[in-house]
Every structure is written in structure tokens, then in C-alpha cells.
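K.L.:
Provided herewith is a single structure, encoded as C-alpha cells, for subsequent inquiry.
Just so you know, all these numbers are worked out from the coordinates, no wet-lab data involved. Predicted model, so just to flag it, every value in this text is computed and none were measured. Cβ atoms come from the backbone with ideal geometry, glycine included; neighbour counts cover every protein chain shown.
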Amino acid sequence: MILENLKIFSQNVRKNNFIIKMILETHSNFDIIFIQEPSWSFMYSIPYHNNNEGSPLMRIVNYPNWLTFARDLVTMNDHPRMAIFINTRLSLLRFSLHKDIINHRDILLSSFFNNGVIYWIMNVYSDSSHSVIKYLKYMEFNLRNLLIMTGDFNIRDSL
């Protein structure tokens with residue numbers, strides 16, 4: 001794969017599953033799609049030995065022809081605000097999610113291999129208090145071969 005031909009799309013969908021579905025169905029020519037503020041959906045209940053009704057499993061819906069990367073839901077009121085969809089035609093590049101390097105609910109760091117070299121992509125969502133921007137400013141990390149860091153930075157310019 002030639003990295004110059006990598007097509008990446010980024011969109012804030014404001015928790016709308018219909019928009020995600022339309023993007024993934026109409027943008028199949030893209031290789032990677034970064035989504036900010038995805039909708040979380042109830043999938044099914046997970047029963048426990050002491051609770052037959054179980055706990056709800058909430059997930060970002062999977063779509064055919066796309067690998068879905070998202071953080072796990074920690075609490076019902078604290079949804080991660082990021083998702084990355086990788087076109088399955090790139091599955092041989094062995095994409096991985098890396099919470100071990102950056103562990104923040106609004107940053108998804110993913111890696112992949114190409115010709116024996118590891119490359120990085122980062123999807124970012126920064127809320128109105130700019131928490132991710134502040135986090136990145138004060139965090140010290142050095143990633144060689146970071147191809148792209150994009151997303152919704154929520155920076156308003158008065159001009």
C-alpha cells in the first residue's frame with residue numbers, strides 16, 4: 001500500500017446513527033473514517049449469576065465492510081466520544097488501538113504496519129473546555145510516523 005493514496009474522512013455526527021450509516025455506505029472509497037460524537041446503542045443484556053436481567057451492553061454499531069475501533073463504555077453517563085472505522089480491505093495492515101500510550105476518553109490512537117514500519121493515526125474530540133488540547137499540551141509523548149491527527153477540536157475563531 002502506498003501511503004500517499006490513503007483516503008481519510010473525518011466527521012462529527014452529533015450522536016446520529018443515521019449519519020454514520022450514510023457516511024459508511026456512501027464513502028466506501030475511503031480507507032479510514034474518523035467519527036466524533038458517535039451514538040451508543042443498546043445491543044443486549046449480559047446476565048449474571050446473581051441477576052437474571054443482567055446489565056445492558058452498549059456499543060457503537062458495527063457495519064459490514066468496516067472494522068470498528070472505539071473505547072469501551074466505562075459508565076452509562078460517560079460515553080467515549082470517538083470512533084474509527086477502517087475499511088476491511090486494509091485489514092492486512094493489522095490496525096491496533098493503543099490505550100497503553102494515550103489513555104484518554106476523547107483520543108483514539110491507532111497503529112498499523114506497512115512494509116515493516118509502524119504508522120500512527122489519531123482521532124481527537126475536544127469539548128468546549130478544550131480538555132484534550134490541554135491534555136496534549138502537557139503530555140509528553142513522541143510518536144514517530146504519526147500520519148495524521150485530526151478530529152473536532154471545537155476551537156472557535158471570532159474572526
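K.L.:
At a Cα cut-off below 21 Å, give the lysines reachable from LYS137, other chains included and same-chain residues fewer than 8 away excluded.
P.N.:
LYS99
K.L.:
Need one number: nm distance between label points at LEU143 and ILE102, each 7 Å from Cα along Cα→Cβ, rounded to one decimal.
P.N.:
0.4
K.L.:
Where does the charge balance sit around MET149 when Lys and Arg score +1, Asp and Glu -1, over other residues with C-beta under 14 Å from its C-beta?
P.N.:
0
K.L.:
Can you compute 3J(HN,Hα) from phi for each residue in region 6-11, using the Karplus curve 6.51 cos²θ - 1.76 cosθ + 1.60 with θ = phi - 60°, rounded to whole Hz and x for Gly and Pro?
P.N.:
5, 9, 10, 10, 9, 7
K.L.:
How far apart, in nm, are two points set 7 Å out from the Cα along the Cα-to-Cβ line at ASP127 and at SER28?
P.N.:
Calculated label separation equals 3.8 nm.
K.L.:
State the extension gain, in nm to one decimal, for the chain segment bounded by GLU4 and ASN50, taking 0.36 nm per residue of separation less the distance between their alpha-carbons.
P.N.:
Here the answer is 11.2 nm.
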